[in-house]
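The values are calculated or read from the model by the stated rules, or taken from the named source; none is laboratory data. Since this is a predicted model, take the numbers as computed values, not measurements. When we count neighbours, we look across all protein chains shown, and the Cβ atoms used for this are built from the backbone with ideal geometry, even at glycine.
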Amino acid sequence: MSFSRKLNILGIESSCDETSVAILVNDEVKSNLISSQYFHKAYGGVVPELSSRAHLQMVKPLVDSALQTANLNLNDIDLIAATAGPGLIGALLVGLTFAKGLSFSLSKPFVAVNHIEGHIFSGFLMEQKPEFPMLVLVVSGGHTLLLYVESFTKIFLLGTTVDDAAGEAFDKVSKLLGFGYPGGPQIETSALKGNEKSIKFPVAELKDEYNFSFSGLKTSVLRYVQNNFPDRKIPESDLNNISASFQKALIDALVQKVNLALNNYEVKSLSLVGGVAANKKLRNEFNNLAEKFRISSVIPSIDYCSDNAAMIALRGFQLYQNGNKDSLNVAPYPSIPENYFLKLK
Ligand code: KG4
Ligand code: ZN
């Protein structure tokens, strides 16, 4: 479906610890405001009840500021999109209910968006868009998914993690090294000062060719620390070497599977998305892979890697163009429903 004039889309994201509101005109971002709940750091992870309360405080002011930045009024909005899941139920409920309330009071259509689909298509926020079919690796705090994406509506799951997500592994190793939460950026900074070849951490070889496993890697880092630093006092140079070696092992595992998929499936683009896609070494390795296979590499800018409402508004727009509209009875959901993605074969 195409529309005679451009649509003003309001997107709301509140699935975890970022409240975000964005305004798009079709696929062009006019504003994308993100309020991160840094206070969770003190607890070593996200506290759901505190998260919900902070979303509640932030959502209305962010909607007002996003409209102001985009130079629009509420009455100019043509379509409202919000994350319905997966995520923390209490957190999701805030953004979703606010969006439904706006849809009802403005009499404008509402589209419920799957957060992971928001990440999958976030490459389309960039000037250079991916082309179908594309291979997408989603790496976030809660998910590690390798997908073959044929179109805006045909998403095939090739593999996923059998235990920890990639971001979760960064966060857990960070905690055991004493860096705190979130772990990815701190491990990355420490790794820059270390030697990635100093320690050989093993990565699980799985029978299922495209699946990942990171809990063994996390355990081997723990064993290394227990054996070499029983009092947990780790000199900075050792911390840096552990960070660099862990990061290399994890990235090697990701690259190995993507390389295998690129050998087996002919695609036009390779896209890396989700919070862990902010990692510079991983971004470089993906660009190298795409170059090797002579396909385009689309990695969103950092603001569109971590949780943001621009990707939610964009996915809402894509679904609406496809004829989708949701009732105001849509309920939030905590995890991806079983068999949500298609299976090849
Ligand atoms: O997509 P995201 O913002 O939230 C979820 O939907 O989970 O991803 C957050 C995850 C965290 O685990 C965080 O440690 C990781 O992304 N992360 C990174 C980096 N920046 C964030 N991991 C590795 N390197 C980074 N630079
Ligand atoms: Zn996310």
Starting from segment 1-28, keep only residues that are crowded, with 18+ Cβ neighbours inside 10 Å, then list their pairs with residues that are outside any loop (DSSP other than H, G, I, E, B) and among the basic types (Lys, Arg) whose Cβ atoms are within a distance under 7 Å, requiring at least 6 positions of separation or different chains.
Ile23/Lys30; Leu24/Lys30
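Do any helices (runs of 4 or more DSSP H) entirely within segment 235-345 hold 2 or more residues that are over 18 Å from Glu188 (Cα atoms) and in contact (Cβ under 8 Å) with a residue 12 or more places away in the chain, and if so, which?
Output list reads 236-264, 280-292, 309-321.
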Taking segment 104-130 and the residues there that are over 20 Å from the mean Cα position of the chain (by Cα) and in contact (Cβ under 8 Å) with a residue 40 or more places away in the chain, the one that is farthest from Ile80 (Cα to Cα) would be Phe104
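Could you tell me whether Asp307 is within 16 Å of ligand 2 (Cβ to nearest atom), of a type in the set (Asp, Glu) and under 21 Å from Leu93 (Cβ atoms)?
Working: within 16 Å of ligand 2 (Cβ to nearest atom): yes; of a type in the set (Asp, Glu): yes; under 21 Å from Leu93 (Cβ atoms): yes.
Judged against the criteria, Asp307 is a match.
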Qualifying residues in segment 106-123 (those that are small (Gly, Ala, Ser) and touching a helix residue (DSSP H, G or I) at 6+ places or on another chain (Cβ under 9 Å)) - the one nearest to Pro334 (Cα to Cα):
Ala112
Does Val59 fit the bill of being part of a strand (DSSP E or B) and crowded, with 19+ Cβ neighbours inside 10 Å?
no
Just a yes or no: is a residue in segment 131-148 touching a strand residue (DSSP E or B) at 6+ places or on another chain (Cβ under 8 Å), of a type in the set (Ser, Thr, Tyr), over 26 Å from Val47 (Cα atoms) and within 16 Å of ligand 1 (Cβ to nearest atom)?
no
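Give Ala81, Ala91, Ala112 a once-over and let me know the one that is modelled with pLDDT of 95 or more, of a type in the set (Gly, Ala, Ser) and within 12 Å of ligand 1 (Cβ to nearest atom).
Details: Ala81 fails: within 12 Å of ligand 1 (Cβ to nearest atom); Ala112 fails: within 12 Å of ligand 1 (Cβ to nearest atom).
From the options Ala81, Ala91, Ala112, the qualifying one is Ala91.
Within segment 95-111, can you find the residues that are of a type in the set (A, V, I, L, M, F, W, C), closer than 29 Å to Leu147 by Cβ and more than 16 Å from ligand 2 (Cβ to nearest atom)? Spell out how you get there, then give the answer.
Step one: list which residues in segment 95-111 are of a type in the set (A, V, I, L, M, F, W, C), which gives 96, 98-99, 102, 104, 106, 110-111.
Okay, now just the ones that are also closer than 29 Å to Leu147 by Cβ, so 96, 99, 110-111.
The answer is Ala99, Phe110, Val111.
Looking only at residues that are hydrophobic (A, V, I, L, M, F, W, C) and more than 12 Å from ligand 1 (Cβ to nearest atom) in segment 257-287, which one is farthest from Ala309 (Cα to Cα)?
Start the filter on segment 257-287 by keeping residues that are hydrophobic (A, V, I, L, M, F, W, C), which leaves 258, 260-262, 267, 270, 272-273, 276-278, 282, 286.
Narrowing the set further to residues that are more than 12 Å from ligand 1 (Cβ to nearest atom) leaves 258, 260-262, 267, 270, 286.
Numbers: Val258: 27, Leu260: 32, Ala261: 30, Leu262: 30, Val267: 28, Leu270: 23, Phe286: 25 Å.
Step by step, filter segment 257-287, then rank; the result is Leu260.
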Count of residues meeting criterion [part of a strand (DSSP E or B), within 16 Å of Thr83 (Cβ to Cβ) and aliphatic (A, V, I, L, M)] in segment 24-52
3
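Sort out for me the helices (runs of 4 or more DSSP H) sitting completely within segment 97-198 that have 3 or more residues that are surrounded by fewer than 24 Cβ atoms within 10 Å (Cβ to Cβ).
Details: elements: 115-120, 166-177, 183-192.
The helices (runs of 4 or more DSSP H) meeting that bar are 166-177, 183-192.
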Quick check: is even one residue across segment 223-245 within 23 Å of Ile302 (Cβ to Cβ), at pLDDT 95 or above, surrounded by 14 or more Cβ atoms within 10 Å (Cβ to Cβ) and within 16 Å of ligand 2 (Cβ to nearest atom)?
no
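Among what's in segment 1-36 and is polar (S, T, N, Q) and away from ligand 2 (no atom under 14 Å from the Cβ), pick the residue that is nearest to Ala310 (Cα to Cα).
Applying the first criterion (polar (S, T, N, Q)) to segment 1-36 yields 2, 4, 8, 14-15, 19-20, 26, 31-32, 35-36.
Adding the requirement that they be away from ligand 2 (no atom under 14 Å from the Cβ) leaves 2, 4, 8, 26, 31-32, 35.
Values: Ser2: 20, Ser4: 22, Asn8: 12, Asn26: 11, Ser31: 8, Asn32: 6, Ser35: 13 Å.
Applying the filter and picking the extreme gives Asn32.
To keep it simple, each residue is scored yes or no on (1) more than 30 Å from Phe39 (Cβ to Cβ); (2) in contact with a Leu (Cβ under 6 Å, 6 or more places away or on another chain).
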position	(1), (2)
Pro133	yes, no
Thr144	no, no
Phe156	yes, yes
Phe179	no, no
Leu206	yes, no
Glu209	yes, no
Arg232	no, no
Given the conditions (1) within 16 Å of ligand 2 (Cβ to nearest atom); (2) closer than 27 Å to Val225 by Cβ; (3) not β-branched (Val, Ile, Thr), every one holds for Pro202 apart from (1)
Inside segment 26-83, can you point out the residues that are hydroxyl-bearing (Ser, Thr, Tyr) and touching an Asp or Glu at 6+ places or on another chain (Cβ under 8 Å)?
Ser35, Ser36, Ser51, Thr83
